[in-house]
Amino acid sequence: MQTHFSPEQLSDPLTARSNKILRTCVHCGFCTATCPTYQVLGDELDSPRGRIYLIKEMLESGRPADEKTVKHIDRCLGCLSCMTTCPSGVHYGHLLEHAREHIEETYRRPVADRFLRWVLKFVLPHPGRFRLALMGARIARPFKGLMPDRRLRAMLDMAPRSIPPVSRNDDGQTFPAQGTRRARVALMVGCAQRALNTDINDATIRLLQRAGVEVVIPQDFGCCGALTLHMGQEADGKARARDSIRRLLAAEEGGALDAVIINTSGCGTTIKDYGHLFKGDPMEADARRVAGLARDVTEFLVGLGLPARAGDQGQGMRVAYHSACSLQHGQQIRSAPKDLLSGMGFTVLEPANPHLCCGSAGTYNLLQPELSSELKARKVETLEAVAPEVIAAGNIGCMMQIGGGTQVPVVHTVELLDWATGGPKPAALGS
């Protein structure tokens, strides 16, 4: 793709990087075949190729973002399926980041939109505030018809029916390895996940301990920055990322870390990209250190090896595996979770079109509820078509999204692995 940035524009590192990305695109259109929003809407401007043209024109002209461009960029899930498909290696994810930042800097959104985004930034990255908001949503749900904004109604619908008690395992501490210590890791406990489902971290800790891993929970760990970065709020996202980097590296005071373990794949994609996020920043070296240590929990366990099975619980159970976009496209991890489940005796089933997004995508299901609902319905249909006894996923956002559209139990992959190796039966499977 030809570009026409001025020398002055190219003196900006962000623009220079976007220029390189744009020039790798050859307009082939392969990306349209795997873009979820294009599949639903059929609009070229709601495909990666169409959005690339919009971003190119916006950045080259140097103009503020307009309503048309914002509409189509906001509709993008950021699922990165196009990057897996692209034969030219176009890094659409970094281009999308630049576009979102430019929109936030130059476009004045309607009042209701600005308020909603402020609420999400104020609430979601803080587990305590999020818990309070979830309690309020449960009370307000019967009155959702009175809500003037469809997105507020969607928020009420998505609030879980029950809120788990706080898990003290998420507090800063160290869990010793069982038997001979084979590795020492820091566990990134997440933010929204701590309010929505405390079983995931508990199961992760038990499973790692059983595998001979010492698990360090960093002191006062907060949000990794992913949630606000997805909304184009770079300053806020980087501030949260800086704090995460400091706290994760502080965990090395008790000994070198072999890995930073992540069980929320949306966070994992962001943390593995910290080196890019902090390029040219005084914290770049530390950011690259953390990014280099970052491992999805299944990625780590495939290399380390699981503990032995501890009984026949779950043996042969039909598990539909949902591959989160942030895991399969963002981190290029596809086989590890399925291999681990199969190795523990579960019957792993893969739905049709596993590359397509479920519609969760960070805050997307709250900001674009209609498109998100359609994608959820399509994903649930393909998952239920394989007649599973349980659905497994590696990302809390996907779990909440899919769980809201099916009666089939939805659990995290580590919950099944923990159960098979001696842990409790996942609560979602019943007593």
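What to note about this one:
- Using the Karplus relation 6.51 cos²θ - 1.76 cosθ + 1.60 with θ = phi - 60°, the per-residue 3J(HN,Hα) values for segment 114-122 come to 4, 5, 4, 5, 5, 4, 4, 5, 6 Hz, with x marking Gly and Pro.
- Using 0.36 nm per residue and subtracting the Cα-Cα separation, the extra length available between T347 and R318 on full extension is 10.0 nm.
- Using the Cβ-Cβ distance between R129 and E67 with R0 set to 41 Å, the FRET efficiency from 1/(1 + (r/R0)^6) comes to roughly 0.85.
- Label separation (R23 vs R334): 3.1 nm, computed from points 7 Å beyond Cα along the C-beta direction.
- Convex hull volume of the C-alpha atoms in segment 5-104, normalised per residue: 86 Å³.
- Label separation (E44 vs D149): 3.4 nm, computed from points 7 Å beyond Cα along the C-beta direction.
- Accessible surface, segment 113-186, averaged per residue in Å² (probe 1.4 Å): 59
- Globularity index of segment 308-427, i.e. its alpha-carbon radius of gyration over 2.2 N^0.38 Å: 1.03
- Only protein atoms count toward the accessible area here, which uses a 1.4 Å probe; on the chain, the carbon and sulfur part of that area reaches 53 percent.
- Between R181 and A387, the C-beta separation translates, for a Förster distance of 45 Å, into a calculated FRET efficiency of about 0.60.
- Of the residues R151, R51, the one with the largest accessible area comes first in the ranking R151, R51, computed with a 1.4 Å probe on protein heavy atoms.
The values are calculated or read from the model by the stated rules, or taken from the named source; none is laboratory data. Keep in mind that what you see is a predicted model, and the values were worked out from it rather than measured. Cβ sites come from the backbone with ideal geometry, for glycine too, and all protein chains shown count toward neighbours. Side chains are part of the model used for accessible areas, which takes the heavy atoms of the whole protein and leaves out ligands, DNA and RNA. Shrake-Rupley method; radii C 1.70, N 1.55, O 1.52, S 1.80 Å.
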